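Bear in mind that the values in this text are calculations on the coordinates, not laboratory data. Just so you know, these numbers come straight off a predicted model, no measurement behind them. All Cβ positions, glycine included, derive from the backbone under ideal geometry; neighbour counts span all protein chains shown.
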Amino acid sequence: MVIIIQLNKRQEQILQIVKENGPITGEHIADRLNLTRATLRPDLAILTMAGFLDARPRVGYFYTGRSGTQLLTDSLNHLYVRDHQSIPVVVDEGISVYDAIVMMFLEDVGTMFVVDKHALLVGVLSRKDLLRASIGKQELNSIPVNIIMTRMPNITMCSKEDLLIDVAKKLIDKQIDSLPVVKDTEKGYEVIGRITKTNITKAFVALADEGY
Ligand code: ADP
């Protein structure tokens, strides 16, 4: 796992020296900065661990040519849906809008996934879908959710092997809050998880925290 760090002034100086003079030994870097080798050791360890520098025994330090942005991209390319997904809240397509509203409060989620009697994905229910259905004089107890849900094939989905960054792009692109994580079976899609904006925000914060 690549670590994202905020470089301090001395680390920036070391990076500059290695960029211009590498390969260069720790001893020589220390000389240029008028510091001891021991003082520099933690900085060199951080720069090497974070992937900015490469160290070769008896040769010295090389600049890897990877910028902070590239390192961030590397890190994002290691975040997979399977490690960040939550448990999905699934309802039967026959339940009423009223019951779905109650369920949404009880489960404390913003989106629920609707399945048929074979437990295969048929729809998505968001807060606004339920609010929209509640406006007017409809009898909420007698309207099934499959009348008001967003239905297949218009559902944006992902698999647990997808990258979180690709899910984030889909959420932005489609202006939605969450995606069902599905398993593709011969009969249809089984819902095995959910990814929301919250999951992605948490992963992003965890990534930043790892650097400190
Ligand atoms: P909210 O309605 O609470 O703002 P969203 O922005 O997620 O929540 O939903 C907006 C609309 O998009 C709703 O009609 C919802 O049914 C639909 N929707 C939500 N998630 C998906 C999805 N993964 N695929 C297709 N449509 C979706």
Only Lys, Arg, Asp and Glu count, each charged at its Cβ (+1, +1, -1, -1), so figure out the dipole size of the chain about its Cα centre, rounded to 20 debye.
560 debye
Can you tally the lysine pairs in the chain where the Cα-Cα distance is under 23 Å and the two residues are eight or more apart, or on different chains?
25
Taking only Cα atoms of the chain, the Rg to Rh ratio with Kirkwood Rh works out at 1.24
For Arg10, Arg58, order by how many other beta-carbon atoms lie within 10 Å, fewest first:
Arg58, Arg10
Nearest-0.05 FRET efficiency for Asn34 and Thr201 at R0 = 30 Å, using Cβ-Cβ distance, is 0.10
Contact order relative to length of segment 1-52, as percent, for alpha carbon pairs under 8 angstrom and 6 or more apart
52 percent
Kindly provide the helix-only [θ] at 222 nm of the chain, computed as the sum of -39,500 (n - 2.57) over DSSP H runs of four or more divided by all residues, to the nearest 500 deg cm²/dmol?
-12000 deg cm²/dmol
Please report the relative contact order for the chain, taking Cα pairs under 8 Å with a sequence separation of at least 6, and give it as a percent rounded to a whole number.
21 percent
Could you pull out every residue, at least 5 positions away or on a different chain, whose amide H is within less than 5 Å of the one on Thr25? Hs are placed 1.01 Å off N in the peptide plane, and Pro or chain starts have none.
Tyr61
Just want to confirm a number: the relative contact order over segment 128-212, from Cα pairs under 8 angstrom separated by 6+ residues, in percent.
19 percent
Along the charge dipole of the chain, pointing to its positive end and built from +1/-1 on Cβ of Lys, Arg, Asp and Glu, which listed residue (Ile87, Thr73, Ser159) has its Cα farthest out?
Thr73
Where does each of Met152, Met49, Met112 land when they are ranked from fewest to most other beta-carbon atoms within 10 angstrom?
Met49, Met152, Met112
